[in-house]
Amino acid sequence: MTDYAAHLDLAIAKLHEEGRYRTFIDIERKRGQFPHATWRRPDGTEQPITVWCGNDYLGMGQHPVVLAAMHEAIEATGAGSGGTRNISGTTVYHKRLEAELADLHGKEAALLFTSAYIANDATLSTLPKLFPGLIIYSDALNHASMIEGIRRNGGQKRIFRHNDVAHLRELLEADDPAAPKLIAFESVYSMDGDFGPIEEICDLADEFGALTYLDEVHAVGMYGPRGGGVAERDRLMHRLDIINGTLGKAFGVMGGYIATSARMADAVRSYAPGFIFTTSLPPTVAAGAAASVAHLKRDQSIRDAHQTQASILKTRLKGLGLPIIDHGSHIVPLIVGDPVHTKKISDMLLGEYGIYVQPINFPTVPRGTERLRFTPSPVHGPREMDALVHGLDRLWSHCALNRAELAG
């Protein structure tokens with residue numbers, strides 16, 4: 001008989017041996033004090049920490065406008081939605097949020113999901129049902145949710161080298177001109193912080209008659225004059241057929257969505273199991289998200305402050321000679337190149353300096369590119385910045401890992 005427990009032990013032991021076993025850090029966020037929080041150690045003691053790896057990019061999870069909207073909604077409606085969108089789970093809060101999102105992206109409609117992962121997976125796995133024979137062309141570094149949706153859809157797929165428009169053209173030229181096509185890519189790739197060539201891909205889509213699917217998860221709220229993302233910043237939103245976004249990062253709450261034509265949204269909601277059979281977001285979450293989206297459409301100052309903080313951190317880390325990647329976005333990856341060393345630096349930053357940044361290892365990034373990924377925000381002030389920079393400077397030498405070796 002199969003020893004199931006032994007198989008589980010072997011699988012976990014392998015991760016420990018490779019230095020990429022992931023541990024949860026038990027954090028208690030303090031309202032109004034983010035990025036400061038409390039770390040509850042395994043022994044039950046507590047330590048104040050500063051979070052440097054969160055996705056609440058703008059601190060909107062603490063914003064009074066968002067909290068007030070959520071309090072009002074929970075007092076009015078209670079906790080949960082009570083069902084799927086099709087069966088009693090559509091409220092005025094969901095419709096209000098979808099209207100805000102459609103307006104944000106200049107589209108006819110938006111469709112809410114419980115996460116951007118589910119939005120990507122459900123939509124991309126459903127499209128071949130709507131367009132028989134569909135070929136999906138996917139950037140090699142697309143998020144796991146996009147990869148999973150494309151893998152599960154049973155249709156044809158082509159993988160083009162990351163941001164390589166020439167390679168994408170070769171793949172498009174090799175396929176039947178009459179076949180339906182869709183190009184799936186991202187605006188900001190979260191691990192390196194680089195930008196996708198949106199305009200060039202849209203040009204190819206026009207030339208070859210392909211639909212475009214853009215993941216703006218790491219850009220909505222933060223780029224563009226109203227926070228519509230990189231496509232809004234570059235005045236290209238009208239050229240995208242489907243835009244995917246999240247409510248759990250810059251908007252500070254939870255959930256995901258697509259923004260698209262009314263016809264496309266209607267078809268996806270009618271055919272996607274990931275939408276049809278999932279309990280809808282709680283009304284209080286939808287209310288908070290709608291308030292956040294509406295606020296960020298008007299508040300350019302918070303976006304400017306965000307970019308300023310990211311620029312300052314990159315400048316200071318470069319000044320120390322640390323091997324960061326800088327593609328001009330708000331994401332600051334520091335390449336370590338070894339899972340054990342990455343974990344060691346992360347642990348020492350947390351235990352000795354009260355700085356929390358999670359190691360990023362394979363399979364999230366390729367082996368040999370293990371890193372610490374910093375996400376500065378407008379609420380990381382000079383004191384927090386000084387503490388991080390000084391801690392990294394001391395630890396980089398203390399860990400006996402010379403910088404040239406780490407950069408390689």
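Where only DSSP H runs of four or more residues are counted, the chain gives -13500 deg cm²/dmol as its mean residue ellipticity at 222 nm, each run worth -39500 (n - 2.57). Accessible surface ranking for GLU216, GLU46, GLU18, GLU108, 1.4 angstrom probe, highest first: GLU108, GLU46, GLU18, GLU216. For SER292, the accessible surface of its heavy atoms amounts to roughly 0 Å² (probe 1.4 Å, protein chains only, rounded to the nearest 10). In the structure shown, the pairs LYS297/LYS318; LYS107/LYS157; LYS30/LYS314; LYS107/LYS129; LYS107/LYS314 are assessed against 25 Å; a Cα-Cα span above that value is assigned to LYS297/LYS318; LYS107/LYS157; LYS30/LYS314; LYS107/LYS314.
Once all protein chains are placed together, LYS107 keeps about 40 Å² accessible to a 1.4 angstrom probe. Close amide H contacts of VAL379 (hydrogens built in the peptide plane, cut-off under 5 Å, sequence separation of 5 or more or a different chain): none are found.
Considering only alpha-carbon pairs that sit under 8 angstrom and 6 or more positions apart, the relative contact order computed for the chain is 21 percent.
Subtracting the Cα-Cα distance of ASP386 and SER301 from 0.36 nm times their residue separation leaves 28.3 nm of extension gain. Roughly how many whole Å is it from the C-alpha centroid of region 374-391 to that of region 84-146? Cα centroid to Cα centroid, the span is 35 Å. Per residue, the convex hull spanned by the Cα atoms of region 18-72 amounts to 113 cubic angstrom.
Only Cα pairs under 8 Å and 6+ residues apart enter the sum, and on that basis the relative contact order of region 64-297 stands at 33 percent. For the chain, take the longest principal axis of its alpha carbons; what is the angle in degrees between that and the long axis of helix 64-77, to the nearest 10 within 0 to 90? For 64-77 against the chain, the angle is about 60 degrees. Once all protein chains are placed together, SER397 keeps about 80 Å² accessible to a 1.4 angstrom probe.
Axis of helix 116-130 versus longest Cα principal axis of the chain: the two differ by about 30°, to the nearest ten degrees. The calculated pair-distance distribution of region 64-297 uses every alpha carbon pair, bins of 10 angstrom beginning at 0, and gives 8, 35, 36, 16, 5, 1 percent.
Note that region 253-408 presents 39 Å² accessible area per residue, ligands and nucleic acids not counted, probe 1.4 Å. Between helix 382-398 and the chain there is an angle of about 70 degrees, using the helix long axis and the longest principal axis of the Cα atoms.
The trypsin sites (Lys or Arg not before Pro) found in region 155-236 that occupy coil by DSSP, while having at most 15 further C-beta atoms within 10 Å, are ARG161, ARG235. Bridges between two residues of region 64-297, per DSSP, are antiparallel at a rate of about 40%. For THR212, the residues whose amide H sits under 5 Å from its own are ILE183, ASP241, ILE242, ignoring neighbours fewer than 5 places away on the same chain, with H placed 1.01 Å from N.
The values are calculated or read from the model by the stated rules, or taken from the named source; none is laboratory data. Keep in mind it's a predicted model, so treat the numbers as computed, not measured. Using ideal geometry, Cβ is built from the backbone for each residue, glycine included, and neighbour counts are taken over all protein chains shown. Calculation scope for accessible area: heavy atoms of the full protein, side chains included, ligands and nucleic acids excluded. Shrake-Rupley method; radii C 1.70, N 1.55, O 1.52, S 1.80 Å.
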